[in-house]
Every structure is written in structure tokens, then in C-alpha cells.
Amino acid sequence: MKVIGVLALQGAFLEHANHLKKCLAANDYGVGIDVRIIKTPEELAKCDALIIPGGESTSMSLIAQRTGLYPHLYKFVHNPEKVIWGTCAGLIFLSAQLENENALVKTLGVLKVDVRRNAFGRQAQSFTKECDFSKFIPGCTDFPATFIRAPVVEEILDPIAVKSLYELPMNGKNVVVAAQQDHNILVTSFHPELAENDIRFHDWFIRQFVSI
Ligand code: GLN
């Protein structure tokens, strides 16, 4: 039995849990998988994988620090035996370096990248773009990726460990909006859990990272 936790301090955790449950209802992954909402160190300790959702990274980091979960999360995400997926604010929270530093966001520092928050502008500049992810998700040529005050990976600090999975053009250059570090850490600037009735990204996550 593998346990996939969704960190539930703040943000879009229910949407992730619902997408994962739809995957489990529609597929046999050849291994028992349980999806759980995670708020405490005791719940976290039982997880094999953890999704850190989108939301607001300053709030997420502050809540983690004030509830005492921060050191447990730190240990968890630095354990190479654990699988991690950070979306949007989750990507920011995992990163080693923030371009537009904010003293309140104490990141978990595991992901060897420099990140720019709110890289595409304000809430009103949010957008959904059909993206061709078929290079890493077989047959997925038209995934509706939603970007909400999304961050981008400005620089990969350790190119041996971190591979870009997908890039978008921005201000005349390409910026990384999906990346993988080693075999166990996935990050996306966008929100696959908001793609209504489209569970292809979550299905790939389970197959690629969890049930192996
Ligand atoms: N801009 C937010 C932050 O800085 C992230 C937005 C999101 O997760 N959709 O945390």
C-alpha cells in the first residue's frame, strides 16, 4: 500500500485529492494506493508521496512554521525515498532560491532552482493554455494548463539534478514551467488539478513517480 498525501495547510488541496481519487477509480495501478489529506506530523509520517498544492506560498510557509510542521516537512522533502510534487505555490515553497525574496517565505530549499514569483503578472493576467506534454506524457498533446499568478523557474542551479520538462516563451526567452529533480521531485507552475475532468497529468504522476 502506498500513501499519497496532499498537504492541506492552505490552497487547492481538495482539487488535487479529487483528481487523484478519480484516477484510482478509473485505473488499476497494480498496487494499493490511498489518498489522504495531511495536516499533522503524524499524518505526514505515514506518507510515501506528498503533493504541495497551489495557493499562497507566504501563507503556506507561515502556517507550516506556526503549526510546527515546518521541520517535519523539511525532513520529508529532503528524503530521496519520498516522492514530491509541488504545484505553483508548492513549487515556490520547495525552491532553494527566490528571485523576488520575501523574508516571510522560508522555503524548504530542496529544489535546486531560482524561482520568480508572479512571473506572468497579477490575478487578472491568469490564463489557460493548451500545452503539448507528449514528450513526457504519452499522447498528451492538448492539456489545458492553468496559470494563476504563476511562478517560473528563472534558473536551474543544478543542471545535473534538475531537468526542464516544459517551457513557455516569455519576454523573448523560454522559461521553465515544469521540471523534475532526480527521480522523485516534480514541480509545475500551473494547476493540473484545475483541469476539469482531465486527470491525465495526475494519472502520469501516479504511474511515473508513485506506483513504480
Ligand atoms: N503567486 C502565488 C505565490 O506567490 C502562487 C499562486 C498559486 O499558487 N496559484 O505564492
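With the requirement that a residue be surrounded by 18 or more Cβ atoms within 10 Å (Cβ to Cβ) and either charged (D, E, K, R) or within 11 Å of the ligand (Cβ to nearest atom) (or both), what does the range 108-121 give you?
Scanning the range 108-121 gives Lys112, Val115, Arg116, Arg117, Ala119, Phe120.
Any residue at all in the range 137-151 that's farther than 24 Å from Leu20 by Cβ, at pLDDT 95 or above, in a strand (DSSP E or B) and among the hydroxyl-bearing types (Ser, Thr, Tyr)? Checked against the condition, which is being farther than 24 Å from Leu20 by Cβ, at pLDDT 95 or above, in a strand (DSSP E or B) and among the hydroxyl-bearing types (Ser, Thr, Tyr), the range 137-151 yields no hits at all.
One line per residue, one yes/no per condition, for (1) surrounded by 18 or more Cβ atoms within 10 Å (Cβ to Cβ); (2) more than 16 Å from the ligand (Cβ to nearest atom); (3) among the β-branched types (Val, Ile, Thr); (4) over 25 Å from Asn184 (Cα atoms):
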position	(1), (2), (3), (4)
Gln125	no, no, no, yes
Glu130	no, yes, no, yes
Phe133	yes, yes, no, no
Ala150	yes, no, no, no
Ile156	yes, yes, yes, no
Leu165	no, yes, no, no
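Within the range 141-167, the set of residues being farther than 23 Å from Ala12 by Cα, in contact (Cβ under 8 Å) with a residue 24 or more places away in the chain and not charged (D, E, K, R) comprises Ile156, Leu157, Ala161, Val162. Taking the listed residues Ala49, Ala96, Ala89, Ala64, the one that is in contact (Cβ under 8 Å) with a residue 12 or more places away in the chain and touching a Phe, Trp or Tyr at 6+ places or on another chain (Cβ under 6 Å) is Ala64, with no other qualifying. Does any residue of the range 27-42 turn out to be within 19 Å of Leu94 (Cβ to Cβ) and within 16 Å of the ligand (Cβ to nearest atom)? Among the residues of the range 27-42, not one is within 19 Å of Leu94 (Cβ to Cβ) and within 16 Å of the ligand (Cβ to nearest atom), which makes the answer no.
Only residues that are buried (at least 20 other Cβ atoms within 10 Å of the Cβ) and not in a loop (DSSP other than H, G, I, E, B) were counted across the range 78-107, and they come to 12.
The values are calculated or read from the model by the stated rules, or taken from the named source; none is laboratory data. Just so you know, these numbers come straight off a predicted model, no measurement behind them. Positions of Cβ are backbone-derived with ideal geometry, glycine not excepted, and every protein chain shown enters the neighbour counts.
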